[in-house]
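Let me begin by presenting the structure, written as structure tokens, before commenting on it.
The values are calculated or read from the model by the stated rules, or taken from the named source; none is laboratory data. What you see is a predicted model; the values in this text were computed from it and never measured. Here the Cβ positions follow ideal geometry from the backbone for every residue, glycine too, while neighbour counts run over all protein chains shown. Remember, those area values only see protein heavy atoms, side chains included, never the ligands or the DNA or RNA. Shrake-Rupley method; radii C 1.70, N 1.55, O 1.52, S 1.80 Å.
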Amino acid sequence: MNARSILVLIILAAICVAAWRYAPAAFFAAYLAAWWFCTGLVMGGLANVWAHNLTGGRWGEAIRGPLLDLSRLMWLLALLFLPLLFGMRELYPWAGLAAQGPQRWAGELPLHSAGFKSAWLSPSFFVVRSIAYLVLWTLLAHLSRRPRLERSARFAAAALILYGLSVSLAAVDWIMSLMPLWYSSAFGLVAGTGQMLAGMALAVVLAARANLRAEASLPPIVFRDLGNLLLMYVMTWAYLVFTQFLIIWAENLPHEIVWYVARMNGGWLVVAWLLTLFHFFVPLVILLFRNVKQAPVLLGWIAAGLLAMHLLDVWWMILPSLAVEWMQWLWAAPLAILVFGAMAWALVRGPYPVQLEEMKNG
């Protein structure tokens, strides 16, 4: 990491401190969204590697190396989550009322449900669970690079089960609890599928880039397989999202529809239509054509577009849950993703291979 990169990071850190002081709720929510997006690229990518260990196929060999290298940064992402724990009271409305116990939900929930929710959404237990998720993901990322386990089907199966359970609970804790009275049994699946879609999209971008630079000569059938996997993820994500919406909207219960009501105001309805068009319909239609999937450059651009739409989807899942003015999101959300992008760029611009080797030896 050179002096210029360090200077840029220091300036961005100073801007983040100013943003935190000016609008703490907006800053921490935008930070959570950027962190979830970046972590999804790492863990979603690993989940695709584990899936390949169970199924085989030439497509996995084209993406295995870059995704395993990317997993070396999971420990850094785990550390970058810590500011959210310190800003818990600014971000989660239930945290500041923890001393009231079950009375926080009086008139909203039955007594037995209020008791469980009060125990689950206590700051100390929340911190313990969060650290457990981060330790588990860091450990899985580390073990996935061990030569003995790198291609182990048994380890891959266990890792997928642990990841599936932990990412569902993490989505409930970190995202769903932003609106503590709202719940959805499908939300964890939606969040996990989004991460695996993002991981696959990033892998396709890297494979297309390597093929364009003649770093790896891949046959068209490999890109066709990758395109089919992208198509599968797009359809699965859309199915889960629509199923969740259909069930909740049809039941029309106040404590359930409140999540969607918040996303029908302040421009978020426009975002929903953008996701419907460019996270589902447009890529679905394009990826149905075999010639498109066998064209590395075109497939890479489609994957890049899906990455952009996934970021928009993460913003849509997190930001409207807080009562923050729309204008604050216009600077807070880009600032947070810029900070994470700058850190990634600083790592790449610096002696990256040396750093990775040091991480591996450490």
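Residue pairs whose Cβ atoms lie under 6 Å apart, separated by 6 or more positions or on different chains, with the first residue in the range 306-317 and in a helix (DSSP H, G or I) and aliphatic (A, V, I, L, M) and the second open to solvent by 30 Å² or more (accessible area, probe 1.4 Å) and modelled with pLDDT of 95 or more, are Met309/Phe278. Give me the residue from the range 152-161 that is surrounded by fewer than 15 Cβ atoms within 10 Å (Cβ to Cβ) and in contact with a helix residue (DSSP H, G or I) (Cβ under 8 Å, 6 or more places away or on another chain) and, out of that set, nearest to Met43 (Cα to Cα). Here the residue is Ala157.
Got a number for residues in the range 104-133 being of a type outside the set (Phe, Trp, Tyr), open to solvent by 10 Å² or more (accessible area, probe 1.4 Å) and farther than 17 Å from Trp182 by Cα? Qualifying residue count, the range 104-133: 7. Looking at Val324, Val314, Val339, Val292, just one residue is open to solvent by less than 60 Å² (accessible area, probe 1.4 Å), among the hydrophobic types (A, V, I, L, M, F, W, C), touching a helix residue (DSSP H, G or I) at 6+ places or on another chain (Cβ under 7 Å) and more than 30 Å from Leu91 (Cα to Cα), and that residue is Val292.
Among the numbered conditions (1) farther than 30 Å from Arg89 by Cα; (2) among the β-branched types (Val, Ile, Thr); (3) free of Cβ contacts under 8 Å to residues at least 60 places away in the same chain, the only one that Ile221 does not meet is (3). Only a single item in (1) of a type outside the set (Asp, Glu); (2) under 18 Å from the mean Cα position of the chain (by Cα); (3) open to solvent by 20 Å² or more (accessible area, probe 1.4 Å) is not met by Ala171, and it is number (3). Is it the case that Ala198 is within 15 Å of the chain's Cα centre (by Cα), crowded, with 22+ Cβ neighbours inside 10 Å, among the aliphatic types (A, V, I, L, M) and under 29 Å from His255 (Cβ atoms)? In short, no. Given the structure, is Leu136 open to solvent by 10 Å² or more (accessible area, probe 1.4 Å), at pLDDT below 95 and of a type in the set (A, V, I, L, M, F, W, C)? The answer is no for Leu136.
The set of residues in the range 130-147 being farther than 18 Å from Leu76 by Cα and either among the charged types (D, E, K, R) or in a helix (DSSP H, G or I) (or both) consists of Arg146 alone.
What do you reckon, is Leu46 of a type outside the set (Val, Ile, Thr) and either at pLDDT below 90 or open to solvent by 20 Å² or more (accessible area, probe 1.4 Å) (or both)? No, not satisfied.
Checked against (1) within 18 Å of Ala170 (Cβ to Cβ); (2) touching a Ser or Thr at 6+ places or on another chain (Cβ under 7 Å); (3) surrounded by fewer than 16 Cβ atoms within 10 Å (Cβ to Cβ), Gly101 meets all criteria but (1).
Of all residue pairs spaced 6 or more apart or on separate chains, those with beta-carbon atoms under 8 Å, a first member in the range 69-89 that is open to solvent by 30 Å² or more (accessible area, probe 1.4 Å) and a second member that is among the basic types (Lys, Arg) are Arg72/Arg145; Arg72/Lys360.
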